[in-house]
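Encoded as structure tokens, the structure appears first; notes follow it.
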Amino acid sequence: MALTKPNGEAFRGYHDLGGMPADRIDPTDHDYALWERRVDAMVVQMTNKGYVRIDEHRRHQEMIGETNYATLTYYERWIAAFATLLLEKGIIHVDELRDKLMDVERRWEATPPTETADKGPS
Amino acid sequence: MRFQVGDRVKTLSVNPPGHVRTPYYARGKPGVIERFAGHFQNPEELAYGRYYGGTLELFRVRFRQVDLWPDYDGAQDDTLDLEIPEHWLVPDHSAQR
């Protein structure tokens, strides 16, 4: 049975892009910002230590909304989805996340990052 | 093992909601078992935090590009390999290819 939407179209995740029209892929290598490396390290460590599974992270990336999915960069998508995953699992709490975000914002306003400095969260 | 190398198979033609790893373009398509790729837990369940289920057999399945893309204009014998778990595969007893 193929489940369909009321208009008869099949369910197709907005992340399931194989075969859709797209621009050329830029194959040149690029460097990663420090915050992107930190996000990568945190996700890999927490996965390796068994707190979360990669499949859960993928599911949360598929749940961030079509516009977000299309416009966020790779690691922006990763951190947004990882935050909701950690909330869902009770590993962090909404108060902690809110307080940390406010903390980072205060620091940002006190000393705005220069163009060359790392702009990411810490 | 549910399938042997060389078996003709077809992927399920279903489009369920949830975390699904079989790409949309490869559903309901004929292919051939290229190799057994090991036992793995079901990512569709792991995605929802259910870590303790059994394992499924994973197969590398070889598809003809012309079967995947109706407007494919490359070589007729071009192929694509995808790894698909057993529960997405059924035997294909239709036409010989």
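Bear in mind these aren't lab numbers, they're just calculated from the coordinates by the rules spelled out. Small disclaimer: the values here were computed from a predicted structure and weren't measured. For neighbour counting, all protein chains shown are included, and Cβ atoms are generated from backbone atoms with ideal geometry for every residue, glycine included.
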About its Cα centre, chain B carries a charge dipole, from +1 on Lys and Arg Cβ atoms and -1 on Asp and Glu Cβ atoms, whose size in debye to the nearest 20 is 220
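Going by the alpha-carbon gyration tensor, a ≥ b ≥ c the square roots of its eigenvalues, is segment A:25-79 rounded (a/c under 1.5) or, if a/c is not under 1.5, prolate (a/b greater than b/c) versus oblate?
Values: a/c = 2.14, a/b = 1.16, b/c = 1.85.
In terms of gyration-tensor shape, oblate.
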Here, B:Asp73 and A:Tyr14, labelled 7 Å along Cα→Cβ, have an inter-label distance in nm of 3.2
Going from the fewest other Cβ atoms within 10 Å to the most, one would list B:Asp7, A:Asp55 as B:Asp7, A:Asp55
About its Cα centre, the protein assembly as shown carries a charge dipole, from +1 on Lys and Arg Cβ atoms and -1 on Asp and Glu Cβ atoms, whose size in debye to the nearest 20 is 700
Any aspartates and glutamates whose Cα falls less than 17 Å from that of A:Lys49, other than same-chain ones fewer than 8 residues away, would be A:Asp40
Partner shielding of B:33-45, as the mean number of partner chain Cβ atoms within 10 Å, equals 1
Along the dipole axis of the protein assembly as shown (charges at Cβ: +1 for Lys and Arg, -1 for Asp and Glu; origin at the Cα centre), the most positive-end residue among A:Ala22, B:Val61, B:Val5 is B:Val5
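Label segment A:1-57 by shape, choosing from rounded, prolate and oblate, from the square roots a ≥ b ≥ c of the eigenvalues of the Cα gyration tensor; if a/c is under 1.5 it is rounded, and otherwise prolate applies when a/b is larger than b/c, oblate when it is not.
Values: a/c = 4.01, a/b = 1.47, b/c = 2.73.
Here segment A:1-57 falls in the oblate category.
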Of B:Ala47, B:Ala26, B:Ala37, the most mobile residue in a GNM of chain B (C-alpha springs, cutoff 10 Å) is B:Ala47
Residue by residue through segment A:73-81, the couplings from Karplus 6.51 cos²θ - 1.76 cosθ + 1.60 with θ = phi - 60°, in Hz, x for Gly and Pro, are 6, 3, 7, 5, 5, 4, 6, 4, 6
Expressed in angstrom and rounded, the centroid-to-centroid distance over alpha carbons for segment A:86-100 and segment A:2-51 is 23
Label model pair A:Trp108, A:Ala22: point-to-point distance (7 angstrom along the Cα→beta-carbon line) in nm is 2.9
Phi angles of segment A:53-63, converted by Karplus (6.51 cos²θ - 1.76 cosθ + 1.60, θ = phi - 60°) into ³J(HN,Hα) in whole Hz with x for Gly and Pro, give 10, 4, 5, 5, 4, 4, 4, 5, 5, 7, 10
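What shape does the protein assembly as shown take by its C-alpha gyration tensor, where a ≥ b ≥ c are the square roots of the eigenvalues and a/c under 1.5 counts as rounded, a/b above b/c as prolate, and the rest as oblate?
Numbers: a/c = 2.29, a/b = 1.83, b/c = 1.25.
Prolate shape, in that a/c is at least 1.5 and a/b is the bigger ratio.
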